[in-house]
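What follows is a single structure, written as structure tokens, with notes after it.
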Amino acid sequence: MALAAVGDFRLWCYEPFAYPAGTPLVGRTNGIGFSSPWEPGGYNSSFDRLFRTKSGALRYAGLAVQGATHVSGEAVPGQGIAGLGRLLATDLAIPNTTCYLSFLHRPDAEEEFASIVVGTGEGNELAIGKSASTGQYYISNRGGAGRVLSGVQAVVGRTRFIVVKIFTDCALIRKLCSNLEKLCPQLISMPLWV
């Protein structure tokens, strides 16, 4: 997972998930650009120890990767949601900035859903991920409101490289995405699905 700014061409954060295989992610602090370790988090999340590193880095043709492991989330026992969070050291609310969030994703089961959430934890956050109900990649408000499907079906065992362009212009959010106003000043455009 990486977040980079365009104007000053710097990498704001990068998490290679380079921990020994079998290591729980909660409490880990690898990477750059974060002000906290991975910690329990996520709306309605009650499981945080289900995320562990597994052998074998995710690969995507033409993309340099670091490390020899990847993160995998085990199935939640019964009903519930598993989640972790991590704070960025850099505030994304820098006016007139364009940055890119990128990550690799590989579903390991048909019924799974997964998302990366960008926001303050106050309710109106943006989610980018894979839907369990449609099987497609999407962008939406956390919880599914305003969901825009990509038209790209997630395939079990196939790694996708997802890139999301983020504009930091509060006025533009109010004009185009009134349901995301609390996330101001961040606007996230439709990701590039490859």
For this session: Pull out the extension gain between Arg10 and Ser36, defined as 0.36 nm times the separation in residues minus the alpha carbon to alpha carbon distance; nm, one decimal.
Result: 7.4 nm
Exercise. How far is it, in nm, from the label point at Glu111 to the one at Leu88 when both lie 7 Å from their Cα along the line to the Cβ?
Worked result: 3.5 nm
Seminar exercise, completed: Scoring only Lys, Arg, Asp and Glu (+1, +1, -1, -1) among other residues with Cβ under 13 Å from the Cβ of Asn30 yields +1
Exercise. Which value, to two decimals, describes the C-alpha radius of gyration of segment 117-167 once divided by 2.2 N^0.38 Å?
Worked result: 1.18
Seminar exercise, completed: The extension gain from Gln66 to Asn44, computed as 0.36 nm times the residue separation minus the Cα-Cα distance, is 4.7 nm
Exercise. How far is the Cα center of segment 114-156 from the Cα center of segment 42-73, in Å?
Worked result: 18 Å
For this session: Please report Asp48, Asp91 as a ranked list, fewest other C-beta atoms within 10 angstrom at the top and most at the bottom.
Result: Asp91, Asp48
Exercise. What are the ³J(HN,Hα) values, in whole Hz, obtained from phi via the Karplus relation 6.51 cos²θ - 1.76 cosθ + 1.60 with θ = phi - 60°, for each residue of segment 15-32 in sequence order, with x given for Gly and Pro?
Worked result: 10, x, 6, 8, 10, x, 4, x, 6, x, 6, 4, x, 7, 9, 5, x, 10
Problem set entry | Cut-off 13 Å between beta-carbons: net charge of the residues surrounding Ile139, Lys and Arg +1, Asp and Glu -1 | +3
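Every number here is computed from the coordinates shown, using simple stated rules; none is lab data. Every value quoted in this text rests on a predicted model; they were computed, and no experiment measured them. Using ideal geometry, Cβ is built from the backbone for each residue, glycine included, and neighbour counts are taken over all protein chains shown.
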